[in-house]
Amino acid sequence: MNQSVVDLWTQFKNQSEITADHYEAWAFGNSPEMADELLAHVLKGEKTGTSSLHLLYGRDFEDEKLPEVGDYSVLLDGNNQAQAIIRTKVVDILPYSQLSEVHGYLEGEGDRTLRYWRSVHQPFFEQALEKYDLTFSEDLLIVYELFELVF
């Protein structure tokens, strides 16, 4: 485990007086630059939502369970250093076609519209599906997490 992750989690536990010791550590996106950019949106309070393809749990995300309300995550930057801790508040699982303007806004990217969200997420999802020879469809289930920055 990355030492900065353990250190940040220990600081958070000591200051918040929680006893939980379960958390995931991960970075946004698929590149160091994207991880840094999206983390910056979280730290500014602009990004409070994130989304992933449901069918990648158990494939790409082999050891990850679906997120649940109350889960903690240590967010990593593009250098895999721990920078923040978030807690999941809401988990929606719904078809891509049913994501709303609110979902797009809470992702905090671009002009914060659903149109922008779709313009960057559909290619991102298509790329993720390629390695399984799967094609994108608006019927694919999306795991949408609403979270709060807690540390």
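All of the numbers you see were taken from the coordinates with simple rules; none came from a lab. In this text, all values refer to a predicted model and were calculated from it rather than measured experimentally. Reconstructed Cβ throughout: ideal geometry from the backbone, glycine too, with neighbour counts over all protein chains shown.
List nothing, just return the count: lysine pairs in the chain, 8 or more apart or interchain, with Cα separation under 26 Å. Lysine pair count for the chain: 9. Projecting the Cα positions of Ala35, His54, Gln11 onto the charge dipole of the chain (unit charges on Cβ atoms of Lys, Arg, Asp and Glu, taken about the Cα centre) puts Gln11 furthest along the positive direction. Of all the options Thr50, Thr135, Thr113, the one that moves most in a Gaussian network model of the chain with Cα springs shorter than 10 angstrom is Thr135.
By how many degrees, 0 to 90 and rounded to 10, does the Cα axis of helix 3-16 deviate from the longest principal axis of the chain? Orientation of helix 3-16: about 70 degrees from the principal axis.
What per residue convex hull volume, in Å³, comes out for the range 61-120 when only alpha-carbon positions are used?
Measuring per residue, one finds 131 Å³ for the Cα hull of the range 61-120.
Normalised by the number of residues in the chain, what is the relative contact order in percent for Cα pairs under 8 Å and 6+ residues apart?
RCO, the chain: 30 percent.
When both the range 9-36 and the range 72-131 are represented by their alpha-carbon centers, they are found 17 Å apart. Of the residues His121, Ile85, Val143, the one whose Cα sits farthest toward the positive end of the charge dipole of the chain, with +1 on the Cβ of Lys and Arg and -1 on the Cβ of Asp and Glu, is Ile85. Using the Cβ-Cβ distance between Leu146 and Gln3 with R0 = 25 Å, the FRET efficiency computed as 1/(1 + (r/R0)^6) comes to roughly 0.25. Any chance you could give the angle, 0 to 90 degrees and rounded to 10, that helix 32-43 forms with the longest Cα principal axis of the chain? Tilt of helix 32-43: around 70 degrees.
Rounded to the nearest 20 debye, the dipole magnitude of the chain is 280 debye, with +1 charges on Lys and Arg beta carbons, -1 on Asp and Glu beta carbons, and the Cα centre as origin. The H on the amide N of Ile142, modeled in the peptide plane, is under 5 Å from the matching H of His54, Leu94, Tyr96, each at least 5 residues off or on a different chain. Stretched out straight at 0.36 nm per residue, the stretch from His22 to Leu134 would grow longer than its current Cα-Cα span by 37.1 nm. Counting only Cβ charges, +1 for Lys and Arg and -1 for Asp and Glu, the dipole size of the range 103-151 around its Cα centre is about 120 debye.
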